[in-house]
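The values are calculated or read from the model by the stated rules, or taken from the named source; none is laboratory data. Remember, it's a predicted structure, so these values are computed and weren't measured experimentally. Glycine also receives a Cβ, built like all others from the backbone with ideal geometry; neighbour counts cover every protein chain displayed.
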Amino acid sequence: MLLQVVEHRLPEDQKLRLDAAPRVVYVIERNGAEYSEDARTVSGPLHALSFELVPAASDDALLAVPLQLPPSEQHLIRCDRVDFPPGGVAHLHTHRGPGIRVLLQGAIRIKTAGETRAYRPLEAWFEPGPEPVFAAASETEPTAFVRCMVLPVELRGQSSIRYLREEDVGKPKPQRYTMFVDHVLGAV
């Protein structure tokens, strides 16, 4: 099973049929998302990202990563948006499940697995979940990304973040979260 993200840009009067798959479609212009398992048609004008659980990657995927999900456990698919003010940071943390992020605006530096990488708008990255991550947003402009994670079902409606240093737990968290989808998945 792969988790992938595909960007769709449709001019007015153009339609696109999406095959059946567990999928979250995030519409960039409207800042909203919805979940679907059925085949569906989307119409332009539209600028959207579709996060999909699929058996094989699409040729036009921004990013596709294999997931190892225990078949005996139930999971949920979550799509949310994280907004940082200029200079905002997410202190060293982990998540309880893997996910893909796509930067929407601003710039962000992600430090994980001993490497630091900078991302610009519409660049995607993967976080496996248990790997510690530190994120620093642009010093000069607001920064936002959308993410889609596959999480244990018991986290429905709850945060998946765990701070690794006790001193970071009580620090102010300048980022804002907007939840769009928190859907329990069928068998994957």
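Among the criteria (1) within 17 Å of the chain's Cα centre (by Cα); (2) free of Cβ contacts under 8 Å to residues at least 12 places away in the same chain, the one Tyr177 does not fulfil is (2).
Scanning the range 28-56 for residues that are under 21 Å from Thr178 (Cβ atoms) and outside any strand (DSSP E or B) gives Ile28, Glu29, Arg30, Asn31. Quick check: is even one residue across the range 118-128 at positive phi and either basic (Lys, Arg) or at pLDDT below 95 (or both)? Scanning the range 118-128, I find no residue that is at positive phi and either basic (Lys, Arg) or at pLDDT below 95 (or both), so the answer is no.
Count of the range 10-48 residues, restricted to those that are touching a Gly at 6+ places or on another chain (Cβ under 8 Å) and within 17 Å of Leu104 (Cα to Cα), is 1. The criterion of at least 1 residues that are surrounded by fewer than 20 Cβ atoms within 10 Å (Cβ to Cβ), hydrophobic (A, V, I, L, M, F, W, C) and without any contact (Cβ under 8 Å) to a residue 24 or more places away in the chain is met, among strands (runs of 3 or more DSSP E) falling completely within the range 57-170, by 115-119. Before we move on, is Gly88 more than 17 Å from the chain's Cα centre (by Cα), at positive phi and not aromatic (Phe, Trp, Tyr)? In short, no.
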